[in-house]
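Input: a single structure, listed below in structure tokens.
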Amino acid sequence: RSSDLPVVEIGKVVVEAKNITVNNRFGVKKVDGISFEIREGEVLGVAGVEGSGQTELIEALTGLDKIESGEFILNGKNLTNLKGLNQSVEKIAHIPEDRHKRAAIAEFDISENFALGQHGNRYKKGLGLLNFDKILSEAKKYIEKYDVRPIDPKLIFGKLSGGNQQKIIVARELEKENIFIIAAQPTRGVDIGAIEFIHKMILEEKKKGKAIMVVSSELTEILNLSDRIAVMCAGKISGILNREEATEEKIGILMAGGKISE
């Protein structure tokens, strides 16, 4: 397995989570004092039974939720509870775990979904207008690069297969100017061909020196993509394993809150 990962020189620390705590809307603590670092060219996998705090952690790091205590530092800049955290401005790419709720508008066409979240900077034409020619030409380019089918940027997003919908979200996020990529359940509900393609695209970003966090309930996905694996249980990190030592069995023990004997 270890031969599958591209050999990339791991660089400086890009992402620092320091003792982060997040509550849900009922005031219940869902993330309980979590700390980790991610470096340039490194993929940190986050494994855990669903409901262990992964969703709340992602939402806090992307500015969708409040960090109760602790700090989130990106490239030396403290982004903790930054008012109106703009993911594009801060160079955070976010592939959300639920593409329908968080990532796309089913009734919009492919090109319009490519522009979502970037219409205020990348596609601005002045006087509050959008550069539709640029949106269309970039959509065509990415449809080809990410092998989206059929090849028509004017097709309605909701009519595409799950794999093609997900490729559009992945393309939009990876093609943003970014230094930190959060990929949550990046291949949920897609076919095997699309899974392999999306994994390849994530590893291409690793080669470019991006700091990447992959959150997945699929252990094979975590093992295939990660340099290190942080396992969450009941809102805490129960252990961090290096890729070389990680096995499904060890991850399973940590997911259940157990300890790994040396």
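Of note:
So that you can scan it fast, the table gives a plain yes or no per residue for (1) crowded, with 20+ Cβ neighbours inside 10 Å; (2) in a loop (DSSP other than H, G, I, E, B):
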site: 46; (1), (2): yes, no
site: 52; (1), (2): yes, yes
site: 59; (1), (2): yes, no
site: 101; (1), (2): no, no
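- Condition met for residue 47 (of a type in the set (A, V, I, L, M), touching a His at 6+ places or on another chain (Cβ under 9 Å) and in contact (Cβ under 8 Å) with a residue 12 or more places away in the chain): no
- Taken over region 16-44, residues that are surrounded by 15 or more Cβ atoms within 10 Å (Cβ to Cβ) and among the polar types (S, T, N, Q) amount to 2.
- Region 188-222 - residue that is among the basic types (Lys, Arg), out of contact with any strand residue (DSSP E or B) (no Cβ under 9 Å at 6 or more places or on another chain) and at pLDDT 95 or above and, of those, nearest to residue 252 (Cα to Cα): 200
- Single match in 182, 151 (criterion: open to solvent by 60 Å² or more (accessible area, probe 1.4 Å), of a type in the set (Val, Ile, Thr) and either touching a helix residue (DSSP H, G or I) at 6+ places or on another chain (Cβ under 9 Å) or not in a strand (DSSP E or B) (or both)): 151
- Residue check, residue 171 in contact with a Pro (Cβ under 9 Å, 6 or more places away or on another chain), in contact (Cβ under 8 Å) with a residue 40 or more places away in the chain, under 30 Å from residue 37 (Cα atoms) and not β-branched (Val, Ile, Thr): no
The values are calculated or read from the model by the stated rules, or taken from the named source; none is laboratory data. Note that this is a predicted model, so its numbers are computed, not measured. Here Cβ is always computed from backbone atoms with ideal geometry, including for glycine, and neighbour counts include all displayed protein chains. To get the accessible areas, we keep the full protein, side chains included, count just its heavy atoms, and leave off ligands, DNA and RNA. Shrake-Rupley method; radii C 1.70, N 1.55, O 1.52, S 1.80 Å.
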